[in-house]
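Down below is the structure, laid out as structure tokens.
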Amino acid sequence: MLLRSLIGRTLAVARVPAFKAPICEHTKRTYVTRSQVDVMKKALKEAEMVVNPRTNAPEPQISASYQQKLRSDPLFTQLVNMIMRDGKKVLAERLVYGALLDIRKHTNKDPFLLVSDAINLVTPLMDTKSGRQGSKVIQVPRALNLRQRRRRAIVWLLQAANGRNERSFSMRLSGELQAIVNGTSGVLDKKLQLHKFVLDNRSNIRTSTAQANNN
């Protein structure tokens, strides 16, 4: 029953027309335009900067409240862990924090809310796994749990961010998150393509169920 309900939700998603309007209008949350950035910069509270002794370059200092939220929220914990390389979690937290500062700078909104919105917009409901029907290999749709859905969305997000032209990773991540919310990111197309692929193979669910009952 859960699989059928998810397929029904996927059908509704696949029937949505192409993105003609910013997604922020669909979510009923307003984000500022570029013309308002100059006005907001005057009232923006700049984050405290500290000098990294290794590079002698200023870096944003993570406040205690932001650090606690980065480590307590399951979504941001998963995002930090997927960015982390060679066990350098503090560096991954600084990169995410830099992206949050850039989002706040360009939108004057809660960056945690925008990141949550962006990841939820590109989170798929279902995926496919390989199965066999006689001598053929078929793709069988399967439901994803919350952590699997978020992982797929974050992988797409990081791949798209790495392909951007901004000079730092934090700025690339921030730009891609804002592009998702504004409906201009290619990650949204990946989600729709995956859902359409699941719908094309929905007939294989009955086949795999029948084979499991026979065994």
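The values are calculated or read from the model by the stated rules, or taken from the named source; none is laboratory data. Everything numeric in this text was worked out from a predicted model, so none of it was measured. FYI the Cβ positions are ideal-geometry reconstructions off the backbone, even for glycines, and counts take in every protein chain you see. Accessible surface areas use protein heavy atoms only, side chains included; no ligands, DNA or RNA. Shrake-Rupley method; radii C 1.70, N 1.55, O 1.52, S 1.80 Å.
Output the pairs from K89/K109; K129/K190; K109/K190; K89/K196; K136/K190; K109/K191 with a Cα-Cα distance over 29 Å in this structure; if there are none, say none.
Where the Cα-Cα span goes over 29 Å, the pairs concerned are K89/K196.
So, in nm, how far is label R132 from label E166 when the simple model puts each one 7 Å beyond its Cα toward the Cβ?
4.7 nm
Which percent of the accessible area of the stretch 101-156 is formed by carbon and sulfur heavy atoms (probe 1.4 angstrom)?
43 percent
Treat each spin label as a single point 7 Å out from the Cα along the C-beta direction, and report the S72 to N145 distance in nm.
Using points 7 Å along Cα→Cβ, the separation is 2.4 nm.
Quick check: net charge around S174, other residues with Cβ under 13 Å of its Cβ, Lys/Arg +1 and Asp/Glu -1?
For residues surrounding S174, the net value is +3.
DSSP loop trypsin sites (Lys or Arg not before Pro) in the stretch 96-172 with at most 11 other Cβ atoms within 10 Å of their Cβ, which ones?
R167
Could you order E166, E93 by accessible surface area, starting with the largest, using a probe radius of 1.4 Å?
Sorted descending by solvent-accessible area, the residues read E166, E93.
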